[in-house]
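Colleague: I have a structure here, written as structure tokens, and I will follow up with some questions on it.
The values are calculated or read from the model by the stated rules, or taken from the named source; none is laboratory data. The structure displayed is predicted, hence computed values, not measured ones. Here the Cβ positions follow ideal geometry from the backbone for every residue, glycine too, while neighbour counts run over all protein chains shown.
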Amino acid sequence: MKEQTGNQQRKANEKEVAWLCGLIDGEGSIGLRVQKYMRNKNVFYVAPYVQVVNTHIGTLDVVDRILTELEVGHYIDWPRPHMVTGGERTVGDYKPLWRILVNGIKRCHPLLDELIPYLVIKKDDASIVLEFINSRESSYYKHLPYSPREQEIIGRFRRVRRSGKSGEEISLESLNDYTQETPTGVKV
């Protein structure tokens, strides 16, 4: 009997990756999230993310399995539903809701490489996010302030996502990855 070597773990096939893309196109989101640095609440940075939110537990199991087979680190979250204005509905009126989140450059990069060929609706978002990731990864030191090119990518993503929506945006100059404090009075 011949001895088997190497990783014998099952890998997600092309159909499963295409199915995941369809789910993300319909029930998910791909983006750049502005986050506060944990050690200094006055400093903001940009983190790429891919997430799917749903109420069907069977779908959660399939997404979890596919991401595991693709060797993409992810979080499973069970956020509580918000109260309806006026408090007419209670938490018990809602179905249980779950979210699978892939967050950060190291996790999102390999996932987006797999997804982009099959995405339809969110392909532009994924391409801009991947461009940002590639730019950050090519930096000599990743904790340097965002380059003018990266600021342009962030601004382009925000314009694409917020077209037609009102609201104050964060100044791009304040997004200097752990190095510059955000001006006062700026909404996140």
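Colleague: Restricting to segment 114-139, count the residues that are touching a Lys or Arg at 6+ places or on another chain (Cβ under 7 Å), hydroxyl-bearing (Ser, Thr, Tyr) and closer than 17 Å to residue 26 by Cα.
Modeller: Adding up the residues that qualify gives 0.
Colleague: Quick one: what pairs do we get from segment 148-160, first residue within 17 Å of residue 30 (Cβ to Cβ) and among the aliphatic types (A, V, I, L, M), second modelled with pLDDT of 85 or more and assigned to a helix (DSSP H, G or I), C-beta under 8 Å, 6+ apart or different chains?
Modeller: 153/128; 153/131; 153/132; 153/135; 154/132; 160/124; 160/125; 160/128
Colleague: Hey, another quick one. In segment 113-127, which residue that is hydrophobic (A, V, I, L, M, F, W, C) and more than 10 Å from the chain's Cα centre (by Cα) is surrounded by the fewest Cβ atoms within 10 Å (Cβ to Cβ)? Give the steps one after another, and end with the answer.
Modeller: Taking segment 113-127 and keeping what is hydrophobic (A, V, I, L, M, F, W, C), we get 115-116, 119-121, 126.
Checking which are more than 10 Å from the chain's Cα centre (by Cα) leaves us with 115-116, 119-121.
Details: 115: 24, 116: 16, 119: 21, 120: 9, 121: 14.
In this case the residue turns out to be 120.
Colleague: Among the residues of segment 110-156, what is the count of those that are more than 25 Å from residue 67 (Cα to Cα) and of a type in the set (A, V, I, L, M, F, W, C)?
Modeller: Here is the first cut: in segment 110-156, the ones more than 25 Å from residue 67 (Cα to Cα) are 138-156.
Still in the running and of a type in the set (A, V, I, L, M, F, W, C): 144, 153-154.
Of the residues in that region, 3 qualify.
Colleague: Could I ask something else about it? So residue 85 clears everything in (1) surrounded by 13 or more Cβ atoms within 10 Å (Cβ to Cβ); (2) at pLDDT below 95 except one condition, right? Which one?
Modeller: (1)
Results for (1) modelled with pLDDT of 80 or more; (2) within 23 Å of residue 132 (Cβ to Cβ), shown as yes or no for each residue.
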position	(1), (2)
1	no, no
5	no, no
13	yes, no
16	yes, no
46	yes, yes
50	yes, yes
58	yes, no
78	no, no
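Colleague: Just to be sure I understand, how many residues within segment 107-133 are touching a residue at least 12 places away in the same chain (Cβ under 8 Å) and part of a helix (DSSP H, G or I)? Full working, then the answer.
Modeller: Applying the first criterion (touching a residue at least 12 places away in the same chain (Cβ under 8 Å)) to segment 107-133 yields 107-116, 118-122, 124-126, 128-133.
Now restrict to residues that are part of a helix (DSSP H, G or I): 107-115, 124-126, 128-133.
Within segment 107-133, residues that are touching a residue at least 12 places away in the same chain (Cβ under 8 Å) and part of a helix (DSSP H, G or I) number 18.
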